[in-house]
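Since the structure comes first, as structure tokens, the remarks are kept for the end.
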Amino acid sequence: MRKILLFTFTIMTLINLSAKVFSQSITTRPSDVVVTETPGVTAFPNPADKEITFTFKGMELPSVVVEVYEITGLFSTSFKPENDIQVLNVSEMKEGLYFYKVLYNGKVLITEKFVILRK
């Protein structure tokens, strides 16, 4: 019986200690918080007619290159974004399906597609 009481007392003590530890408030200063943004690119509208807008997040833009290819794999164009929002004029490109690769520090980060469809 003594062992059971001792065991019960030990468990209760541990639970109380845990409750005290978890109930303490944690305060942080804004300088303590590090926000990391997942790199990403969006392209819209899709399908596009005259221009397509690319938005970039979580990347150092000098390290970014976007390459655009026709569905056949033929290289079409490339650009280095100057801002988080970059507009690409597609009015001179043929209608169809295109793929774009986003290279970040020389490595392919994203491969996506967009469609050019004239109205």
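The values are calculated or read from the model by the stated rules, or taken from the named source; none is laboratory data. In this text, all values refer to a predicted model and were calculated from it rather than measured experimentally. As a convention, Cβ positions derive from the backbone with ideal geometry for all residues, glycine included, and neighbour counts pool all protein chains shown.
For region 96-119, which residues satisfy the criterion of being touching a strand residue (DSSP E or B) at 6+ places or on another chain (Cβ under 8 Å) and over 16 Å from Phe44 (Cα atoms)?
Leu103, Tyr104, Val108, Leu109
Could you run through region 27-66 and say how many residues are at pLDDT below 90, over 13 Å from the mean Cα position of the chain (by Cα) and not in a loop (DSSP other than H, G, I, E, B)?
The qualifying residues number 3.
What's the total number of residues in region 57-94 that are touching a residue at least 40 places away in the same chain (Cβ under 8 Å) and surrounded by 13 or more Cβ atoms within 10 Å (Cβ to Cβ)?
Here the count works out to 4.
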